[in-house]
Every structure is written in C-alpha cells, then in structure tokens.
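Report on the following structure.
Values quoted throughout were computed directly from the atomic coordinates according to the rules given, and no laboratory measurement underlies them. The shown structure was predicted, so the numbers you read here are calculated from the model rather than taken from an experiment. A quick note on method: Cβ atoms are made from the backbone with ideal geometry, for glycine too, and the neighbour counts reach across all protein chains shown.
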Amino acid sequence: MPILTLDLLKEKLTVWKGCDLSTTANAVLGEGNPRASVMIIGEAPGEKENELRRPFVGAAGKYLNELLESIQLKREDVYISNVVKYCPPDTRDPKPIEKEQCMPWLMLEIALVKPKVIVTLGRHSLGHFFSGITISEAHGNAFPITAAVTLFSVYHPAAALHNGSLRSALQSDFYKLGDFLKTVQ
C-alpha cells in the first residue's frame, strides 16, 4: 500500500462520490506548503475555486493574500483548505451533512501537514472545532486544541468583503494572529 501524501489524497478525492455535492461540483483539496506550521481553513469552495479546482483564488482569496502579506506571510508559507471540498449550489452555506461527509478529508490533511496553528476563517470552520462559541465571540483569539496545536479564529475574508464594517475587525484579527505566531514559531 502506498504511503499517503497530499498528492495521493487529492487524486483519491477527485474520484470520491461520498458527498452529494460531488455530482455537481469539482473536488477542491487544499494547497500550499505541505510542512506549513500554519494551516488556514475556510468553509467551502466558491465558483472561482470550483472552476480552477484550487482553494481561495476568487475575491476572498485575493483579500486573504493581502491579509497574509500584512503579517509578513506569503500564500506559499501556509497550507489553505476548506471544511467542505465542493462548491455548494449558488455558493450557499454548506449543510451539516456536507460538512460531516467531507470532514475525514480535512482531518487527513491536518494529519499530513501537522500544523502548529490552525486558523479558522469564519463560523463554519470554527464550528468544527468548537461548536459552543460564536465567531463574534471567538475572532481574534487563540484556543488550544492539543498540547501541540492551537486554533486561532478570524472572520472570513468573504464576510468582510460583503460587510465593510467587518474589514477593520478582520485586519485587527490578522495583526493579532501575526503577534501570536511570533510566540509559537
């Protein structure tokens, strides 16, 4: 049996039919540095991501790149993925069953990358790790998951693009993230 790698995982995901969304959308696995100490997790691919089969390449991805640069990180320095691996119709919020069906793929990505810090973008990815806290309570804060891994929650870049009042909060979240990363790397 071959050793599981991110490339092999991507291959397997492209033929997997365990989520209803797989019949209407392309599989989008994460990408980036396979040994990144920082892993960024969003909710689900959008239309541009579905088209290009890459995470965070639309408007929210461009904004995410700017936010990363504001704390001296490049996209190539991190690993970026989503909870759900397929674009929901009309880019609606992912359903709980879709998150549940795709979760093993995300858990395998986390196991392969072995990040020290997981940055959750928005409520859907935060909810996977901590269901009892809202994004408005959690954003800009770090939460230990294990002795070796810390979660850092921020608003989703798409939310800030749609609601301009969240932009300054998201920028502040990233400055806090930058300060936090200096203490763990």
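Annotations for the structure displayed:
- Residues whose placed amide H lies under 5 Å from that of N82, excluding near-sequence neighbours: G30, G42
- Column: log10 I(q)/I(0), Debye, Cα scatterers of the chain, q = 0.09, 0.13, 0.16, 0.17 Å⁻¹: -0.28, -0.61, -0.95, -1.09
- Percent of beta bridges antiparallel (DSSP, the chain, rounded to nearest 5): 30 percent
- Segments 72-84, 157-169, 34-46 sorted - mean Cβ within 10 Å per residue, highest first: 34-46, 72-84, 157-169
- Region 47-128: C-alpha gyration tensor shape, a/c 1.5 cut-off, then a/b vs b/c: oblate
- Within straight-line cross-link reach of K62, aspartates and glutamates at Cα separation under 20 Å, skipping those fewer than 8 residues along the same chain: E31, E43, E47, E49, E51, E76, D77, D173
- Classified by the C-alpha gyration tensor, region 81-185 has an oblate form. Its axis ratio a/c, with a ≥ b ≥ c, is 1.5 or above, and a/b does not exceed b/c.
- The chain - mean residue ellipticity at 222 nm from DSSP helices (-39,500 (n - 2.57) per run, n ≥ 4, rounded to 500): -13000 deg cm²/dmol
- Of the residues L9, A36, L64, the one whose Cα sits farthest toward the positive end of the charge dipole of region 1-73, with +1 on the Cβ of Lys and Arg and -1 on the Cβ of Asp and Glu, is L9.
- Relative contact order of the chain, defined on C-alpha pairs under 8 angstrom at six or more residues apart (%): 23 percent
- Cross-link partners of K10 among lysines, defined as those whose alpha carbon lies under 21 angstrom from its own and excluding same-chain residues fewer than eight positions apart: K48, K85, K99, K114.
- In Hz, Karplus ³J(HN,Hα) per residue of region 88-99 (6.51, -1.76, 1.60; θ = phi - 60°; x = Gly, Pro): x, x, 6, 6, 5, 4, x, 7, x, 5, 5, 5
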